[in-house]
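Chemist: This is the structure I have questions about; it appears just below.
Nothing in this text is a laboratory measurement; each read-out follows from the coordinates by a stated rule. Just so it is clear, the structure is predicted and the values come from calculations on it, not from any experiment. Reconstructed Cβ throughout: ideal geometry from the backbone, glycine too, with neighbour counts over all protein chains shown.
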Amino acid sequence: MNEESRTVSMRTGKPSQNSRTVLGWREWVALPALGIEAIKAKLDTGARTSSLHAFRIRPYLRDGIEMVEFRVHPVQRRREPEVVCNVPVEDRRWVVSSNGQREQRIVIHTAVTFGSNEWPIEITLTDRDQMGFRMLLGREALRRRAVVDPGRSFCMGRKRTAR
């Protein structure tokens, strides 16, 4: 069984039909609907919600629908490339950040891709420029789909494009 298809049962710890993908504590993921081909994400089961590094966050109305334009630097410690995203606003929520500060964030829905796996997730937008990872995947994004092995990294493979 190759790394990408390795799955385990939550009940027995052994491979089974009702199994979930095993992911490491950090993985390369893609957000294809946002035009982000690769971004290194920290998988954090201690965090409920997922968050994405975004800046120049600008909500606006288009045909009566609340939208948000924002920019992303998907590569840590680099200003290039810069991806411009425009998506509908799903919600606004108060979130307590890792430093204990309460912040109201815009929430969007998009698909996340791990290797050949893809599913919809909810993401809050915030400035993560000073954080170790530009994206954090919380337990709601992983629920019923994946198991995180904290002793492993990049179970879905390494980024294949130039860093």
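Chemist: Which of Asn117, Gly64, Gly35 sits farthest toward the positive end of the charge dipole of the chain, with +1 on the Cβ of Lys and Arg and -1 on the Cβ of Asp and Glu?
Modeler: So the residue furthest toward the plus end is Asn117.
Chemist: Would you kindly state the longest site-free stretch of the chain, with sites defined as GluC sites (Glu not before Pro) in a DSSP loop (not H, G, I, E, B) surrounded by at most 16 other Cβ atoms within 10 Å?
Modeler: Formally, the longest exposed-site-free interval is 1-81.
Chemist: Considering amide H positions built from the backbone, and no H for Pro or chain starts, which residues 5 or more places from Ile121, or on another chain, come under 5 Å of its amide H?
Modeler: The answer is Thr110, Ala111, Val112.
Chemist: Dipole magnitude of segment 30-138 about its Cα centre, charges +1 at Lys/Arg Cβ and -1 at Asp/Glu Cβ only, in debye to the nearest 20?
Modeler: With only Lys, Arg, Asp and Glu charged at Cβ, the dipole is about 400 debye.
Chemist: Could you pull out the trypsin sites (Lys or Arg not before Pro) across segment 59-155 that fall in loop regions by DSSP (anything but H, G, I, E, B) with no more than 15 other Cβ atoms inside 10 Å?
Modeler: Arg77, Arg78, Arg79, Arg143, Arg144, Arg145, Arg152
Chemist: How big is D for the chain, in µm² s⁻¹ as a whole number, if Stokes-Einstein is applied with the Kirkwood radius of its Cα pairs at 37 °C and 0.692 mPa s?
Modeler: The diffusion coefficient I find is 199 µm²/s.
Chemist: Next up: Using a 10 angstrom cutoff on alpha carbons, build the Gaussian network for the chain and name the most mobile of Ile65, Ile123, Ile106.
Modeler: So, out of Ile65, Ile123, Ile106, the one fluctuating most is Ile65.
Chemist: Still on this structure, please answer the following. Among Ser19, Ser51, Ser116, what is the fewest-to-most ranking by other Cβ atoms within 10 Å?
Modeler: The most exposed by this proxy come first: Ser116, Ser19, Ser51.
Chemist: Additional query: Could you check which residue among Gln101, Gln130, Gln76 shows the biggest mean-square fluctuation in a GNM of the chain with a 10 Å Cα cutoff?
Modeler: Gln101
Chemist: What 222 nm value per residue comes from the helices of the chain, counting each DSSP H run with n ≥ 4 as -39,500 (n - 2.57) and dividing by all residues, nearest 500 deg cm²/dmol?
Modeler: -500 deg cm²/dmol
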